[in-house]
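Okay, structure first, notes after.
The values are calculated or read from the model by the stated rules, or taken from the named source; none is laboratory data. Note that this is a predicted model, so its numbers are computed, not measured. Positions of Cβ are backbone-derived with ideal geometry, glycine not excepted, and every protein chain shown enters the neighbour counts.
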Amino acid sequence: MFNGRDLSGWKMVGPGRFVVENGLMKTEGGMGLLYYTREKIGNATIRVVFKTASRNANSGVFIRLPEEPKDPWYAVHNGYEVQIDAGGDEWHCTGAIYSLSKVSKRNQKPMGEWNTMDIVLKGQVTTVYLNGEKVNEFHGGQEVPPRKLWFEPVRGPRPDFGYFGLQNHDPRSVVYFKEVSVRKE
């Protein structure tokens, strides 16, 4: 999905942005969402290879977006975010489905080292592998904690097929992506 040269097939919404430097996607600026426009993804494995530039760099992979987003908050409230954040708690760290499903273990490598995240979508089941180890399995209809803060996702079902994208969280969070690919099942 990412060709290493430019952002062909991707569209940015929100004030942040992604740039391509030395064959890598890099987050810059404020809150934003870079999403893949060419198709909705269903049963598939999304592979994201990333590294963070600081311990608390924050990003995420949004999945199951029913419509093309007009702003980054649409993705938060209508899709699921597979979190990238070494500093968050078990509900908000790398591999968690943000505030809905906690990780079973932390497996992110230190800042500056490459991590491989595989997100397996099979019907309403989302399974997350980080650096080869299963860290989360979320079933769309499972019980989740109550929503506590306005920026946590609205609870409820998500579709089996949807758009996916990458989050640019804030100006201090720099995350690099060298691979974003999809293998359909």
Practice prompt. Scan segment 95-107 for residues that are crowded, with 17+ Cβ neighbours inside 10 Å, polar (S, T, N, Q) and either over 19 Å from Lys51 (Cβ atoms) or within 15 Å of the chain's Cα centre (by Cα) (or both) and jot them down.
Written response: Ser99, Ser101
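A quick yes/no check of all residues on (1) out of contact with any Lys or Arg (no Cβ under 8 Å at 6 or more places or on another chain); (2) among the polar types (S, T, N, Q); (3) surrounded by 14 or more Cβ atoms within 10 Å (Cβ to Cβ); (4) under 22 Å from Thr27 (Cβ atoms):
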position: Trp73; (1), (2), (3), (4): yes, no, yes, yes
position: Ala86; (1), (2), (3), (4): no, no, yes, yes
position: Cys93; (1), (2), (3), (4): no, no, yes, yes
position: Lys122; (1), (2), (3), (4): yes, no, no, no
position: Lys148; (1), (2), (3), (4): yes, no, no, no
position: Gln167; (1), (2), (3), (4): yes, yes, yes, yes
position: Val175; (1), (2), (3), (4): no, no, yes, yes
Worksheet entry | Candidates Gly9, Gly29, filtered to the one that is modelled with pLDDT under 95, surrounded by 13 or more Cβ atoms within 10 Å (Cβ to Cβ), over 22 Å from Val154 (Cβ atoms) and over 15 Å from the mean Cα position of the chain (by Cα) | Gly29
Fill in: Residue identified as polar (S, T, N, Q), touching a residue at least 12 places away in the same chain (Cβ under 8 Å) and touching a Phe, Trp or Tyr at 6+ places or on another chain (Cβ under 8 Å) among Gln167, Gln142, Gln124
Gln167
Worksheet item: Is it the case that segment 109-130 has a residue that's in a loop (DSSP other than H, G, I, E, B) and within 15 Å of the chain's Cα centre (by Cα)?
Response: no
